[in-house]
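Throughout, read-outs are computed from the coordinates displayed, never taken from laboratory work. Keep in mind the model is a prediction, meaning the values are calculated, not measured. Cβ coordinates were reconstructed from backbone atoms using ideal geometry, including for glycine residues, and neighbour counts include every protein chain displayed.
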Amino acid sequence: MWLQYGEVGNALFCLEKQGVQYYYFAEKWTDKILYDKGNTYPHNTVIELDYTAKLKSEEYLSDDSPFFFSDVDFDGEEEFIINRYKSGSRDSNAYDVYDVSPYGYFIQKTEVPFTELENGQCKFDSENKTITVFGSNGWNNAIRHIYQLKDRKFELVQSE
């Protein structure tokens, strides 16, 4: 990871799963531990981080892991998820979700609800195959969107 101006910088992820190597480059990325310490790093500093698995209590999304694997689309396969620390609304974490191909590359999930995932702002229900996204569109106007998996796609089934 290279931090150009302190807490946010480029990151190159190199992962290996079942003998296949995967690489992902992120132009803007930070880690909670590096950010919270308030350190700044000289130009071209390289930092290596070990994978931190999410806790069992963090069933789907991890607040502390810089990246992790989790089955957030209920297909039985774990997706690669990058934690975009404090990139969500009101200083919450946002997440980028990627399908992992067996050929060594990632495919970003760019459809809702995967573009709206934030810690503390969504709920996963594997039994009903729903993802509920909470948010606000103003100072005191709460919204709730429920997406359900139907025919391998998520559909908005309720909006309040």
Worksheet, complete the sentence: Expressed in nanometres to one decimal, the distance between label points 7 Å along Cα→Cβ at Ser159 and Tyr103 is 3.6
Item to complete: Would you mind ranking Cys122, Cys14 by Cβ crowding within 10 Å, fewest neighbours first?
Response: Cys14, Cys122
Worksheet item: Hey, with R₀ at 30 Å, roughly what FRET efficiency would Val112 and Gln21 work out to, going by the Cβ-Cβ distance, to 0.05?
Response: 0.45
Worksheet item: Along the stretch 110-117, what does the Karplus equation 6.51 cos²θ - 1.76 cosθ + 1.60 (θ = phi - 60°) give for ³J(HN,Hα), rounded to whole Hz, x for Gly and Pro?
Response: 9, 9, 5, x, 5, 7, 10, 6
Response to the item:
Residues whose modelled amide H sits under 5 Å from the amide H of Arg84, counting only those 5 or more places away in sequence or on another chain, are Ala94, Tyr95, Asp96
Response to the item:
Residues Asp96, Asp151 in order from fewest to most other beta-carbon atoms within 10 Å are Asp151, Asp96
Discussion item. List the GluC sites (Glu not before Pro) within the stretch 81-122 that DSSP assigns to loop and that have no more than 13 neighbouring Cβ atoms inside 10 Å.
Written reply: Glu111
